[in-house]
Amino acid sequence: MLLSELTNKEWGIETMSQLTITTKNETLKIVKRDNRVIQYDLDKIVNALMKCSLQVEKLVDDFRMTKIYTLALQIDHEIARRFKDDIKIYEVQSIVEHCLLEAGETEMAEAYIQYRSMRDIERQQSTDVNQSINKLLERDESVINENANKDSKVFNTQRDLTAGSVAKAIGLQMLPKHVANAHLKGNIHFHDLDYQPYSPMTNCCLIDFKNMFENGFKIGNAEVESPKSINTATAQMAQIIANVASSQYGGCSADRVDELLAPYAERNYQKHLDDAAYWIEGEEKQTEYAFSKTKKDIYDAMQSLEYEINTLYSSNGQTPFTTLGFGLGISEFEREIQKAILQVRIEGLGKEKRTAIFPKLVFSLRRGVNLETQDPNYDVKTLAVECSTKRMYPDVLSYDKIVELTGSFKAPMGCRSFLQGWKDEEGNEVNSGRMNLGVVTLNLPRIALESDGDKERFWNLFNERMQIVKEALIYRVDRVKEATPENAPILYKYGAFGTRLTDKDTVDEVFKQKRCTVSIGYIGLYEVAAVFYGPNWESNEEAKEFTLTILRQMKQKADKWGNEYNYHFSVYSTPSESLTDRFCRLDTQKFGEIPYITDKEYYTNSFHYDVRKQPTPFEKIDFEKVYPQYCSGGFIHYCEYPVLRQNPKALEAVWDYAYDRIGYLGTNTPIDHCYECGYEGEFEPTAKGFECPVCHNTDPMTCDVVKRTCGYLGNPQQRPMVHGRHEEISARKKHIADERTYLV
């Protein structure tokens with residue numbers, strides 16, 4: 001067994017506090033290999049000696065404990081004798097080895113040297129291109145299943161995974177050493193290493209379609225004029241989405257798409273009205289004919305857009321992660337566009353009427369527009385509820401709450417990343433054409449586990465790790481600024497990012513003055529509180545206040561850094577399909593299987609209520625509603641339901657309850673379908689994939705299995721989910737079964 005695999009549990013002790021030695025040198029600093037300076041901590045030496053002893057003796061009794069304390073004090077005295085202000089990490093390791101040999105503990109010395117050597121080899125392999133390619137060739141699950149919407153069996157995805165493996169290895173070499181080291185160890189996660197920093201690419205954005213439609217744009221060799229009909233407008237949208245998705249690595253959104261496309265639907269109407277005037281007598285019949293034809297055009301245009309997005313492949317080997325925001329328009333054309341989007345989604349794709357994975361639909365609720373029965377668009381809301389019960393989308397935005405939390409109303413960029421309110425030099429509010437430059441996520445549960453119940457130690461580690469996050473984000477910003485407009489013409493020169501730059505301009509023109517965001521991610525607030533307060537802490541006010549204090553501290557630092565650097569640092573409730581697994585897996589290796597923390601094989605994302613506790617939707621909303629004010633750079637709430645097709649009013653009741661409490665709500669309800677026996681509901685997660693509970697069908701060709709994996713929907717039957725997610729779905733299933741009584 002490797003030293004790094006030994007855990008507190010295997011030592012036969014309950015907490016690291018039992019190993020604490022009272023001697024404390026508060027002036028001595030450790031200089032790490034990457035030149036970081038941290039506080040000298042004798043407990044870490046005791047920790048290492050304990051692991052060495054266990055590997056050698058297989059048992060740590062009172063005699064060995066005394067011996068370990070004695071050795072640790074000898075090492076501490078030797079360090080204090082020779083070093084006053086600072087000591088390099090390799091000098092500490094040399095003294096440890098020397099003291100072990102002097103004490104005749106040769107086997108412990110060998111174990112310690114082996115452990116240090118293995119750590120060095122692991123670091124080297126992580127930045128070795130050949131090792132990265134070998135992982136891919138050997139079909140390492142952590143590589144090929146990192147994204148549930150990338151099919152690793154197809155050629156273009158394989159090519160992207162190969163390029164990504166190379167870019168990741170080179171990117172780790174490019175990062176500041178202490179940032180790369182923190183990422184490799186699992187203290188932080190530098191997102192999307194397969195794209196950035198190797199390339200100075202941006203993350204997600206709200207595309208400025210209005211700018212591009214009105215002023216034209218260029219893709220490849222084609223100069224594209226302003227569309228003359230809604231059919232042309234949606235065709236252009238699909239092309240823009242494909243090109244934007246190939247020029248960045250995150251999701252892209254079309255905000256207020258009903259209002260965006262309505263003027264082009266009106267052009268269809270005018271054309272049909274002109275035709276009617278020539279062929280049909282009577283103004284009323286002419287109007288009726290023109291509107292009927294336009295309504296059909298709108299449906300066809302939205303159906304074409306849905307099919308085109310789902311059949312597109314961007315250069316990174318996947319369907320573009322696309323979001324459509326809509327629901328606020330009240331004109332007849334805007335209403336018809338809203339209804340067409342929902343009707344097309346309800347209808348489904350192809351002969352078998354499968355659920356479309358993209359685009360993600362986000363429906364906007366607003367009092368006076370569609371929230372209540374007397375509102376003019378209440379009928380559209382009713383259709384949205386029906387659509388959500390059958391296809392899981394749309395998610396919903398609460399207009400007033402989004403304005404309160406983020407400073408202005410807009411759809412998320414991609415799945416949950418929100419821009420903050422921003423105005424240009426003329427005082428005009430600007431949302432479309434803005435973007436995010438990347439995310440670095442902090443492993444909060446690890447800090448809690450390392451602090452072992454000591455709040456002071458927790459906050460010291462938290463501040464130390466947040467400093468690394470800051471430096472990682474600054475590096476992201478600086479790297480993206482090295483791009484030129486020629487690198488991504490669709491973004492910088494032809495309007496997707498709003499301002500049209502020339503080749504002589506710097507791309508920073510569209511980033512600076514807090515026009516963009518760069519994000520601090522976090523994960524595992526549930527697990528953090530469970531370390532300090534036990535697994536059932538949700539009703540403990542002190543525990544909840546502790547989790548809120550963590551987010552307040554993150555937001556305070558983000559605001560301070562934003563004012564310091566003039567880019568908007570935002571706190572982001574991380575979308576972490578594979579990260580919930582990665583952090584937990586690394587922490588299991590480091591600390592072992594800890595009940596309620598690592599034994600689940602996944603960490604709970606962001607501020608979410610532990611799904612295994614079976615809260616009602618109303619309880620879950622009430623518990624989570626206080627968190628987004630501190631993480632307005634990215635957030636979403638989910639509620640779990642049984643099959644809702646026959647009870648849409650239950651879902652509407654939750655939407656109405658959520659309106660004044662939270663800004664963004666997603667629906668998780670069973671919508672799996674077996675084409676062999678006709679079953680509709682929840683498939684069983686098994687080791688081999690998902691299985692129809694009636695006829696036991698597992699063939700992806702004859703069943704449609706759709707799960708939410710990362711804010712978006714995914715098809716895990718065709719693209720396996722990352723390790724640990726089946727267990728989470730099993731927990732959801734139990735919750736859904738027990739929740740039926742709340743929703744009847």
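The values are calculated or read from the model by the stated rules, or taken from the named source; none is laboratory data. These numbers were taken from a predicted model, which means no experiment stands behind them. A quick note on method: Cβ atoms are made from the backbone with ideal geometry, for glycine too, and the neighbour counts reach across all protein chains shown.
Overview of results
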item	result
Ile75, sole failed condition from (1) modelled with pLDDT under 85; (2) in contact with a Cys (Cβ under 6 Å, 6 or more places away or on another chain); (3) of a type in the set (A, V, I, L, M, F, W, C)	(1)
Hits in region 356-368 (condition: touching a residue at least 60 places away in the same chain (Cβ under 8 Å), closer than 26 Å to Leu713 by Cβ and surrounded by fewer than 22 Cβ atoms within 10 Å (Cβ to Cβ))	Ile357
Residue match in region 404-427 (condition: in contact (Cβ under 8 Å) with a residue 60 or more places away in the chain and either surrounded by fewer than 16 Cβ atoms within 10 Å (Cβ to Cβ) or closer than 25 Å to Gln589 by Cα (or both))	yes
Selection within region 505-543 - over 23 Å from the mean Cα position of the chain (by Cα), assigned to a helix (DSSP H, G or I) and over 30 Å from Tyr567 (Cα atoms)	Val531, Phe532, Tyr533, Glu541, Glu542, Ala543
First in region 198-221 and under 28 Å from Gln173 (Cβ atoms), second anywhere and hydroxyl-bearing (Ser, Thr, Tyr) and not in a loop (DSSP other than H, G, I, E, B), Cβ under 7 Å, 6 or more apart	Cys204/Ser417
Residues satisfying the stated conditions in region 277-313, i.e. of a type outside the set (D, E, K, R) and surrounded by 21 or more Cβ atoms within 10 Å (Cβ to Cβ)	Ala290, Thr294, Ile298, Ala301, Met302, Leu305, Ile309
Breaking point among (1) in contact with a Ser or Thr (Cβ under 7 Å, 6 or more places away or on another chain); (2) modelled with pLDDT of 95 or more; (3) not hydrophobic (A, V, I, L, M, F, W, C), for Asn563	(1)
Residues satisfying the stated conditions in region 222-242, i.e. at pLDDT below 95 and within 24 Å of the chain's Cα centre (by Cα)	Ala242
Of all residues in region 192-221 being of a type in the set (Asp, Glu) and part of a loop (DSSP other than H, G, I, E, B), the one that is modelled with the highest pLDDT	Asp208
In region 56-106, the residues that are of a type in the set (Val, Ile, Thr), assigned to a helix (DSSP H, G or I) and closer than 19 Å to Arg116 by Cβ	Val56, Ile68, Ile75, Ile79, Ile89, Val92, Ile95, Val96, Thr106
Conditions (1) touching a residue at least 12 places away in the same chain (Cβ under 8 Å); (2) farther than 17 Å from Tyr249 by Cα; number of the one not met by Trp537	(1)
Selection status of Tyr603, buried (at least 22 other Cβ atoms within 10 Å of the Cβ) and either more than 30 Å from Cys387 (Cβ to Cβ) or not hydroxyl-bearing (Ser, Thr, Tyr) (or both)	yes
Spans of strands (runs of 3 or more DSSP E) in region 651-744 with at least 1 residues modelled with pLDDT under 90 and at negative phi	684-686, 689-691
Yes/no for Asp454 being surrounded by fewer than 20 Cβ atoms within 10 Å (Cβ to Cβ) and either under 22 Å from the mean Cα position of the chain (by Cα) or modelled with pLDDT of 95 or more (or both)	no
Pro320 being touching a Gly at 6+ places or on another chain (Cβ under 9 Å), in a loop (DSSP other than H, G, I, E, B), at negative phi and surrounded by fewer than 16 Cβ atoms within 10 Å (Cβ to Cβ)	no
Hits in region 243-270 - residues which are farther than 18 Å from Ser432 by Cβ and either among the hydrophobic types (A, V, I, L, M, F, W, C) or in a strand (DSSP E or B) (or both)	Ala265
Filter result (of a type outside the set (Asp, Glu) and under 21 Å from Gly350 (Cβ atoms)) within region 690-700	Phe690, Cys692, Asn697, Thr698, Pro700
Pair list, Cβ under 7 Å, 6 or more apart: region 268-279 residue more than 20 Å from Pro227 (Cα to Cα), other residue at pLDDT 95 or above	Ala276/Gln286; Ala276/Tyr289; Ala276/Ala290; Ala277/Gln286
Subset of region 33-57 [over 21 Å from Glu105 (Cα atoms), modelled with pLDDT under 80 and surrounded by fewer than 20 Cβ atoms within 10 Å (Cβ to Cβ)]	Arg33, Asp34, Asn35
When residues of region 369-383 are limited to those that are among the charged types (D, E, K, R) and touching an Asp or Glu at 6+ places or on another chain (Cβ under 9 Å), the one surrounded by the fewest Cβ atoms within 10 Å (Cβ to Cβ)	Glu372
Failed item in (1) assigned to a helix (DSSP H, G or I); (2) over 17 Å from Glu308 (Cα atoms), with Thr232 passing the rest	(2)
Residues being modelled with pLDDT under 95 and either on the phi > 0 side of the Ramachandran plot or not in a helix (DSSP H, G or I) (or both) - total across region 610-632	4
Members of region 400-416 that are at pLDDT 95 or above and small (Gly, Ala, Ser)	Gly407, Ser408, Ala411
Unmet criterion (only one of (1) within 22 Å of Thr382 (Cα to Cα); (2) in contact (Cβ under 8 Å) with a residue 24 or more places away in the chain) for Lys353	(2)
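Listed here are the residues, each with its yes/no results for (1) out of contact with any helix residue (DSSP H, G or I) (no Cβ under 6 Å at 6 or more places or on another chain); (2) under 30 Å from Tyr40 (Cα atoms); (3) among the aliphatic types (A, V, I, L, M); (4) at pLDDT 95 or above.
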residue: Leu444; (1), (2), (3), (4): no, yes, yes, yes
residue: Phe458; (1), (2), (3), (4): no, yes, no, yes
residue: Glu486; (1), (2), (3), (4): yes, no, no, yes
residue: Ile490; (1), (2), (3), (4): no, no, yes, yes
residue: Arg500; (1), (2), (3), (4): yes, no, no, yes
residue: Leu525; (1), (2), (3), (4): no, yes, yes, yes
residue: Tyr533; (1), (2), (3), (4): no, yes, no, yes
